[in-house]
Amino acid sequence: MTYAPATGAFAEALRADLPPETFRPLEPRYTEEPRGRWQGRGGLLVAPASVAEVATLVRAAGQAGVPIVPYGGGTGLVGGQVAGDLTDPLILSLERLNRIRSVDPVENALVAEAGVILQVAQDAAEAADRLFPLSIASQGSARIGGILSTNAGGVNVLRYGNARDLCLGLEAVLPDGSVLNGLSPLRKNNTGYDLRHLLIGAEGTLGIITAATLKLLPRPVRTGAAMLAVRDPQAALDLLNLARDRIGEGVSAFELIGRAGLDFLTETLPDVRLPIGHPDWSVLIDLGLGASGDPEGALTSLFETAHARGLVTDGTIAQSEQQRQDFWAVRENIPEANRRIGSISSHDISVPLAAIPAFIADGPGILAKIGDFRINCFGHVGDGNLHYNVFPQSGRSRADHEDQREAIKSAVHDLTHSHGGSVSAEHGVGRLKVGDLERYVDPTKLLAMRAIKGALDPRGIMNPGVMLRAR
């Protein structure tokens, strides 16, 4: 498909219709992404401050055949926010749509515009003595629009669900410039197709989310955490089931950590304290209970039972909120340690819980047929989401293995698929995994996706090349 550039008469017409502050200089960050795999090729950067301004921009782009690349916080890891194959697209930043419109502790709902930073939304909920539980590593810069557009997950999915599970309603601009007014906080509303769930996870290919009604929950009164060394991944799963049987929905997070991640922390971030040293496998358990709960007692009892059953070999329980935060610092710094080591190929995958031990056991042998690598496997084992990242051996760099990267990715994704898993668990498809979608997704689903895209966006202007191959 041929697109028009966001230059010349098109840009001048927009400047006549919109306030001057809508237009911003194109700084390098708007044409870059964290992993450095795509580089944008110019563009007209616009930052509308209202849904009406977004509608004006989308309508004009549709009429002129100009492609739109939505830009949230720029934290995406699959290239959805940068179009390296488009020249001078309209880059639509959500950063000025940054108001918390309302917080209702009775309705347990918060209305945030798409440019609101996740941490700001969390703070607004806390000010009303409520919890917005979605928690991700980039919450200080990721914005609500991008979080919903990628259906972000994070560490609390086990208890609270993905982003789509925490969204009650949406306001969005569709590809023809019409506005979908769907911010109702209703929990029960069966009046036709739920367009909210169509737009969530669509990565800006079906419209621009401009605001969302987010679900709030009571704040846990008492919290606790433990770092426990487990025998192996199967023992981690058995421990998870034991914890949920005993503590129920009070288990907020259950993170699996492999030894490689701890070794990387020692190598690159030695100031991060490791509470139980370098076990081959460990788990971080986080609890959030009501006023009558006893998290320390619950974790002590869990450890004693798990140790007696041979599931746990060592462990420590946080004695204060500071210790709990120190435990989380281990888990939250692993991605930064990974970045400093430099992965050859990183994979955001999910498999059924029962398949996790076999997947982890099968991986090294399959990758050894390609080369000699280090593997850092960690993630949200409570929901089946593993970050399975492949690194060069010490003394070598990822540049030494650039010619093996595609083979590594294919091997990991083939293994994931063979275990009934998904090659995109929480990061999205973006531009990185378009081919993977074609290879692994059910063909009927793919046909339906293309039909929906063609019906809502017949000119193909909305983030072309993301999720579905541009035609």
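Nothing in this text is a laboratory measurement; each read-out follows from the coordinates by a stated rule. Everything quoted here is computed from the prediction, not taken from an experiment. Positions of Cβ are generated from backbone atoms using ideal geometry, with glycine treated the same way; all protein chains shown enter the neighbour counts.
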Evaluated at 4 °C and 1.567 mPa s, the Stokes-Einstein D of segment 81-175 based on the Kirkwood radius over Cα pairs, in µm²/s, stands at 91
The helix 295-308 Cα axis meets the longest alpha-carbon principal axis of the chain at an angle in degrees, between 0 and 90 and rounded to 10, of 60
Projecting the Cα atoms of 389, 30, 67 onto the charge dipole of the chain, where Lys and Arg contribute +1 and Asp and Glu -1 at Cβ, the residue farthest towards the positive end is 67
Computed on Cα atoms, Rg of segment 165-225 relative to 2.2 N^0.38 Å comes out at 1.38
The computed P(r) of segment 359-411 puts the percent of Cα pairs beyond 17 Å at 37
Helix 443-456 sits off the longest principal axis of the Cα atoms of the chain, rounded to the nearest 10 on a 0 to 90 degree scale, by 40
Gyration tensor on Cα atoms of segment 271-397, a ≥ b ≥ c root eigenvalues, a/c under 1.5 rounded, else prolate if a/b beats b/c, else oblate, says prolate
Row for segment 396-471, column shape: gyration tensor on C-alpha, a ≥ b ≥ c, rounded if a/c < 1.5 i.e. under 1.5, prolate if a/b over b/c, else oblate; value oblate
Cβ-Cβ cut-off under 11 Å around residue 155, Lys and Arg +1, Asp and Glu -1: the net charge is -3
Kirkwood Rh for the chain from C-alpha pairs, in Å, is 23.4
For segment 126-190, using Cα atoms only, the Rg and Dmax in Å read 13.5, 40
Here, residue 259 and residue 219, labelled 7 Å along Cα→Cβ, have an inter-label distance in nm of 4.1
With +1 at each Lys and Arg Cβ and -1 at each Asp and Glu Cβ, the charge dipole magnitude of segment 1-160 around its Cα centre, to the nearest 20 debye, comes out at 280
To the nearest 20 debye, the chain has a Cα-centred charge dipole, built from +1 on Lys and Arg Cβ and -1 on Asp and Glu Cβ, of 820
Relative contact order in percent for segment 50-184 (Cα pairs under 8 Å, 6+ apart) equals 24
Restricted to pairs 8 or more residues apart or on different chains, the lysines in the chain with C-alpha atoms under 29 Å apart form a number of pairs equal to 13
For segment 300-372, shape from the Cα gyration tensor axes a ≥ b ≥ c, cut at a/c of 1.5 then a/b versus b/c, turns out oblate
For segment 1-65, one quarter of the surface area of the C-alpha convex hull, expressed in nm², comes to 5.4
Helix 51-64 sits off the longest principal axis of the Cα atoms of the chain, rounded to the nearest 10 on a 0 to 90 degree scale, by 60
At 10 °C in a medium of viscosity 1.306 mPa s, segment 207-365 has a Stokes-Einstein diffusion coefficient, with Rh taken as the Kirkwood radius over alpha carbon pairs, in µm² per second, of 93
Mean separation of Cα contacts under 8 Å (at least 6 apart) over the residue count of segment 343-414, i.e. the relative contact order in percent, is 45
For segment 300-375, whose charge dipole is built from +1 on Lys and Arg Cβ atoms and -1 on Asp and Glu Cβ atoms, the candidate among 303, 360, 325 with its Cα farthest towards the positive end is 360
So, relative contact order of segment 216-302 in percent, Cα under 8 Å, 6 or more apart, is 51
Once Lys and Arg are counted +1 and Asp and Glu -1 for all other residues with Cβ under 13 Å from that of residue 92, the total becomes +2
Out of 218, 279, 116 - ranked by how far each Cα lies towards the positive end of the dipole of the chain, with unit charges on the beta-carbon of charged residues - the top one is 116
Over its alpha-carbon atoms, segment 166-266 yields an Rg and a Dmax in Å of 20.5, 56
